[in-house]
1. Take the alpha carbon gyration tensor of region 66-154, find the square roots of its eigenvalues, order them as a ≥ b ≥ c, and report rounded if a/c is under 1.5; if not, report prolate when a/b exceeds b/c, else oblate.
2. Based on Cβ point charges of +1 for Lys and Arg and -1 for Asp and Glu, what charge dipole magnitude is obtained for the chain about its Cα centre, in debye rounded to the nearest 20?
3. Which whole-number percent is the relative contact order of the chain (Cα, under 8 Å, 6+ apart)?
4. Could you work out the relative contact order of region 2-59, using alpha carbon pairs under 8 angstrom and six or more residues apart, expressed as a whole percent?
5. Order these peptides, 368-374, 217-223, by their mean beta-carbon neighbour count within 10 angstrom, highest first.
6. If you count the DSSP beta bridges with both ends in the chain, what percent of them are antiparallel, to the nearest 5?
7. Once you have a ≥ b ≥ c as the square roots of the Cα gyration tensor eigenvalues for region 277-404, tell me rounded if a/c is under 1.5, and otherwise prolate or oblate according to whether a/b is larger than b/c.
8. Using +1 on the beta carbon of Lys and Arg, -1 on that of Asp and Glu, and nothing else charged, what's the dipole of region 203-263 about the Cα centre, debye to 20?
Amino acid sequence: MRLEALIPLYGGYTLCRDDGVIFLRGALPGEVVEAEIVEKKRDYSVASVREVTVPSEDRIEPDCPVFGTCGGCHYQYITYERQVGMKEEIVLDCMERIGKTTVTLESALVSSPWHYRKRAQFKVSPDGRIGFYRRQSNDVVELDGCLLLGPEINALLGRIRAAGVPRGVKEIHVHSGDVLLASVRGDTFDRAAAVEMLRNAGASGIVFDDGTAEGAERICLDLLGYHYMVSAGSFFQVNWELNKRLVSEVASFAEAIRPAKVIDLYSGAGNFSIPLSPFAAEISAVEESPAAFRDARDNMELNRIGNVRTVNAKVEEFDPGSGADMIVLDPPRSGLTRRVLETVAAASPAWIVYVSCNPSTFARDVAGLKGRYTVDSVRVVDMFPQTYHIEVLGILKRNGSSAG
């Protein structure tokens, strides 16, 4: 069937209309393509491009030999400038359609579109092939290297492939910082063989599902001059160079408004609390994950930060009380639960800094705060070049507040 791609949609699709709504995979807005329906839903159909008859000037040849087979990337056929533009269009659409708010975006924060990832989750097939999953499948696509991974992780991958993965290992997760840390997952496998193989490949620490470890248990990253320790069980942003720019933006904002009391919800190992500490009298950093909480507590001690109180609790169960000047939010993709949204509104901080990895739930939560808060600024932070994933930085100001 012949389709014209209209506007970009979150998830790597473009919107088309032909006897109903069609989510088209593999096309840029403005292109005309021959496509095939691959899935029918109740309210829409999903189609995949078979041939591009009228290409966009922003269409390019992907550099990766397994693009389209491997499920890791979605946008390699699009110029990087257009990738960012499409993400901005998606954010604007979400804000208008879901958030019921019209905004003007600030300039996007971007970095190198290649070799930016400091983390990788390699899958291992039963016959020992290592790589990433095929799109919409559990089949493993074997890789010589990945254009998104840092060179040190690609080098590790090459040495693992050369040595061979012990039978029974199903996944190897790699964290890269001052050293390489590998987490090994599987059923029954020879731990000693796995440790020997990974040490020879260049990993300084090997961690297993039961929490036991051989060698280093954490990596250390530079966070605007601070030491940032992260263990295998803690989340940290894969695009660390851009994360530092994001954190710098938030820290500069805090420096300008000088909040006395800050609440940092979903605080991880202190990604925002640490750099904000010079500009606030007190900060409460709330994190549910025990591993991330321990990292945060130790990071405060390592960096001699005395005005950050680390709290190991579910955000839904934390009472911020009153008097907060600024609340920082960095929730999972699902966004804020209703309870957290109500808690934030009741706390009534002068400012809310919201970092989101899902423009739809971000827009939904902004709508939930409408009437109490006005959007001060929104911008795309392109943490994940070559993919459809979108990070958003939004700053909201309480209506009637004289702060700032």
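Read the figures in this text as sums done on the coordinates, not as results from a lab. Note that the structure is predicted; figures quoted are calculated from it, not measured. For neighbour counting, all protein chains shown are included, and Cβ atoms are generated from backbone atoms with ideal geometry for every residue, glycine included.
1. Judged from the Cα gyration tensor, region 66-154 comes out prolate (a/c at least 1.5, a/b above b/c).
2. Roughly 560 debye for the chain.
3. Reported relative contact order: 14 percent.
4. Over region 2-59, the number comes to 31 percent.
5. Ranked from most to least packed, the peptides come out as 217-223, 368-374.
6. 65 percent
7. Judged from the Cα gyration tensor, region 277-404 comes out oblate (a/c at least 1.5, b/c at or above a/b).
8. For region 203-263, the charge dipole is close to 420 debye.
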